[in-house]
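Notes for the one structure printed next.
The values are calculated or read from the model by the stated rules, or taken from the named source; none is laboratory data. From a predicted model like this one, the values you see are computed outputs, not experimental measurements. Glycine gets a Cβ as well: all are built from the backbone with ideal geometry, and neighbour counts include every protein chain shown. These area figures cover heavy atoms from the full protein model, side chains too; ligands, DNA and RNA do not enter into them. Shrake-Rupley method; radii C 1.70, N 1.55, O 1.52, S 1.80 Å.
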Amino acid sequence: MDARAPAKSVRAWDLPTRVFHWSLVLLIAAAWVSAEFAEKLGDATLRWHRWIGIAILVLGVWRLIWGFVGAPTSRFASFLRGPGVALGYARDLATGRVRHYLGHNPLGAWMIVALVAVVLAQAGTGLFTNEHNDLASGPLAKLVPEAWEKAVRRWHHILFDYLLLPLAGLHILANVLYGVVKRDPLVRAMITGSKPAADYEDGGAEVTDAILLALVCLALAAAIVLGGITLAGGRLL
């Protein structure tokens, strides 16, 4: 075998980022099921829904931290570009010019930021929400003035129905189209962590897993969320 033969694939995503991605997908689905079928599940107080919401918050905070210390393709500094760059990429995409990115392309980057922001906002409003005639209360619901209760509950649902679901649907559609039209295996890369070797505009930096660092960041994220709820006088159980 020729040791100088070019590699057939290259690392695109570290393991912690991939675990975050699919864990968030499962938790959001579980959050919907635990709320929509709470009575059938025998959970009128939404205990499972509340714990899932807290887990989503921990993951969201973890992603913010990981965006500064994680692998190159996961860092905000490496994939967040200005509106002009994103619009330029959209123009090139529309005109058929092929531009390959190992991590997030300029448009996809803003989609990810929007998704994480909406997830954090939606889960965050859940901390202050009363449901099922006050049988189910978020950990910090008692901090919300009575006059604001309905508004907070309404926004908790609006964020999910009219922002999170459409953004998630658009994200899925874009990934599928990239795979079919541009032959860019985005979904597969988020499973395997690798992409076919190519001339990527953001390539060059080594992608390693850094599992110990990811666990430290997870512990920090949990401390921020759980500690913040406790310091604010909320109850976790």
Does ARG153 qualify as being more than 18 Å from LEU46 (Cβ to Cβ) and charged (D, E, K, R)?
no
Scanning region 10-25 for residues that are closer than 18 Å to ALA123 by Cβ and touching a strand residue (DSSP E or B) at 6+ places or on another chain (Cβ under 7 Å) gives none
With respect to ILE224, is the statement that it is under 20 Å from TRP51 (Cα atoms), open to solvent by 70 Å² or more (accessible area, probe 1.4 Å) and either touching a residue at least 12 places away in the same chain (Cβ under 8 Å) or not in a helix (DSSP H, G or I) (or both) true?
yes
Of all residues in region 15-69, which are open to solvent by less than 20 Å² (accessible area, probe 1.4 Å), farther than 20 Å from ALA168 by Cβ and more than 15 Å from the chain's Cα centre (by Cα)?
ALA38, ASP43, LEU46
Residue that is closer than 17 Å to ARG18 by Cβ and touching a residue at least 60 places away in the same chain (Cβ under 8 Å), where the choices are ALA44, ALA71:
ALA71
Enumerate the helices (runs of 4 or more DSSP H) found wholly within region 133-202, keeping only those where 2 or more residues are more than 30 Å from ARG50 (Cα to Cα), hydrophobic (A, V, I, L, M, F, W, C) and open to solvent by 80 Å² or more (accessible area, probe 1.4 Å).
165-181
Take the conditions open to solvent by 20 Å² or more (accessible area, probe 1.4 Å), part of a helix (DSSP H, G or I) and on the phi < 0 side of the Ramachandran plot and apply them to LEU107. Does it pass?
yes
On the basis of being under 19 Å from the mean Cα position of the chain (by Cα) and over 19 Å from LEU46 (Cα atoms), does ALA174 make the cut?
yes
